[in-house]
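These notes concern the structure reproduced below.
The values are calculated or read from the model by the stated rules, or taken from the named source; none is laboratory data. Bear in mind the structure is a predicted one, so any value in this text is a computation, not a measurement. Positions of Cβ are backbone-derived with ideal geometry, glycine not excepted, and every protein chain shown enters the neighbour counts. These accessible areas exclude ligands, DNA and RNA; they are computed on the full protein's heavy atoms, side chains included. Shrake-Rupley method; radii C 1.70, N 1.55, O 1.52, S 1.80 Å.
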Amino acid sequence: MNYPILDSPLPLLIPEGISVPDGYRDGAAKAWATAEQKVPALTIKHPDQFPLYTEEGKWAVDAEAWTNWCEGFLGGQLWLLAARTGRPDLRDAAEHYSLLIEERQHDRSVHDLGFLFWSTWRRWFELTGDESRDKVVVQAGRTMSLRFNEKGRYLRSFLAPDSLFIDIMMNVGVVFHAAQRTGDPDLARIAYEHCLTTRRTLVRGDGSASHEGIFDLQTGAFLRQSTQQGFADDGSWARGQGWAIHGFGTAYRYTGDRRLLRTALDCADFYIERTGDALVPPNDWDEPSPTRPWESSAAAIAAGGLWQLAGLVQDQATARGYADYALRILTRLCDDQFLSHGDPDWEGVLRHGSYHEAKNLGVDESVMWGDYWFLDALDTVDHHLVALGGQALSSKDDHHVP
């Protein structure tokens, strides 16, 4: 079988005629002002620490982590803020927090090296063109590829050799990147096969995604769907749905394989159909009468994934539909109900996120990945709206919004 990787990822061609919701620009500027206040404050209060979530609004530095997967998101936020504000202190902090995780490029214990290095060292490389920065990203991709189960054709989760997580779709991009940069056909094979296996075993006919798949280690046969974070094995965990939307879209950008695009679109349509005008989902759509109505990190991830799809779909009406819905999500998240603007005691940026409801970790709190993907989506949208002829949502001279 051939495993073609494109010479460069497909560009995002955002359609014209997008309707920017009332309040979006003011809300986005307010979000950036909030992040510029909250994120540096964390580095001062807890230097060289990588908390995952807050407890009653305070970053829980020594709380249970379950797994070691979030150390790139603080540095990623610092890179975004440094680029937006031009502040040298934020640039220095971004480099510092990236260097703190450099050795993780060789970490074989987790499936999350994309989370660590895509948000930090990749940004460093893209800003400077320094090949030594990219070598770290490529090595992370090589290390990640060592998790490949040849019989089952999947990258195993951190949890067990027989376990495949939908989360890994959000990390497999670092393996595609390594394959593209090195021309290594085996890296291409591993990344490609993982996507096809995930598509076949975790994405259901209605476009919903299971959190986990279990395989027979002797034969490689797929056995069943499972979950660690959703309401039930056959439930629909919202953050996993966001990983699927974003991850399959990224895989399509590297391969041009329309099967992967079709899967991303199916997952996107499921999110929109199940969430509707609420825009922000609960932790699992299939939980009857959930006690907590929102999981804001899932919405932030989905917004970025939907915006990416808007730049990949050829049909302009469909593309505008995804872009409009993504903007509606982000506008909702910029509302004071979710944004911690004006609350000096709340240390995170985005409220009403959840880490692990079954373990009662970081529930209805700020979570580090939610803050990162929220800012990442706002940043991506801003760049594209400028390219379409609009004005930036905030600037180096106007980022302190009252």
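Just to confirm my numbers, what's the Cα centroid distance between region 126-146 and region 261-313 in Å? Using only Cα atoms to place each centre, the spacing works out to 30 Å. By the combined test of axial Cα extent (at least 30 Å) and Kyte-Doolittle hydropathy (mean at least -1.0), the qualifying DSSP H helices of the chain come to 24-45. In the context of the full protein assembly, residue 96 retains an accessible surface of approximately 80 Å², using a probe radius of 1.4 Å and ignoring ligands and nucleic acids. Overall, the accessible surface of the chain at a probe of 1.4 angstrom is composed of carbon and sulfur to the extent of 47 percent. Working from Cα pairs under 8 Å separated by at least six residues, relative contact order for region 15-75 is 22 percent. Can you check what the net charge comes to around residue 136, using other residues whose Cβ is under 15 Å from the Cβ of residue 136 (Lys, Arg +1; Asp, Glu -1)? Result for the neighbourhood of residue 136: -2. Along the charge dipole of region 198-357, Cβ charges K/R +1 and D/E -1, which of 314, 223, 207 sits furthest on the positive end? Projecting each Cα onto the dipole axis, the largest value belongs to 314. Under the rule of -39500 (n - 2.57) per DSSP H run of 4 or more residues, summed and divided by the residues of the chain, what mean residue ellipticity at 222 nm is obtained, to the nearest 500 deg cm²/dmol? So the helix-based figure for the chain works out to -15500 deg cm²/dmol.
Between the listed residues 44, 163, 86, the Cα displaced farthest toward the positive end of the dipole of the chain, a dipole computed from Cβ unit charges relative to the Cα centre, is found at 163. Please go through the residue pairs 58/359; 38/359; 38/58 and name each one whose alpha carbons sit more than 23 Å apart in this structure. Those over the limit are 38/359. Ordering 232-240, 284-292 by mean Cβ neighbour count within 10 Å, with the highest value first, yields 232-240, 284-292.
Here the contact order of the chain, divided by its residue count and restricted to Cα pairs under 8 Å and six or more residues apart, works out to 22 percent.
Accessible area of residue 363 (1.4 Å probe, protein heavy atoms only, ligands and nucleic acids ignored): about 20 Å². Using the 1.4 Å probe convention, the accessible area of region 46-141 works out to 40 Å² per residue with neighbouring protein chains retained.
For region 249-298, the solvent-accessible area with a 1.4 angstrom probe is 38 square angstrom per residue. Between region 63-94 and region 195-216, the C-alpha centres lie 32 angstrom from each other. Distant-in-sequence amide contacts of residue 154, defined by a placed amide H-H separation under 5 Å and a gap of 5 or more residues or a different chain, comprise 149. In this structure region 180-238 gives 40 Å² per residue of accessible area when probed at 1.4 Å with all protein chains present. Identify which of the listed values of Cα extents along the principal axes in Å was calculated from the structure shown: (1) 112, 28, 21; (2) 61, 45, 42; (3) 60, 49, 45. Working out Cα extents along the principal axes in Å from the coordinates points to (3). Between 66, 191, 272, whose Cα lies farthest towards the positive end of the dipole of the chain when Lys and Arg beta carbons carry +1 and Asp and Glu beta carbons carry -1, centred on the Cα centre? Toward the positive end, the furthest listed residue is 191. In terms of the mean number of neighbouring beta-carbon atoms within 10 Å, the peptides 324-334, 177-187 order highest first as 324-334, 177-187.
Dipole size of the chain about its Cα centre, with +1 on Lys/Arg Cβ and -1 on Asp/Glu Cβ: approximately 1080 debye, rounded to the nearest 20. Ordering of 261-267, 83-89 by packing is 261-267, 83-89, highest average first (other Cβ atoms within 10 Å, averaged per residue).
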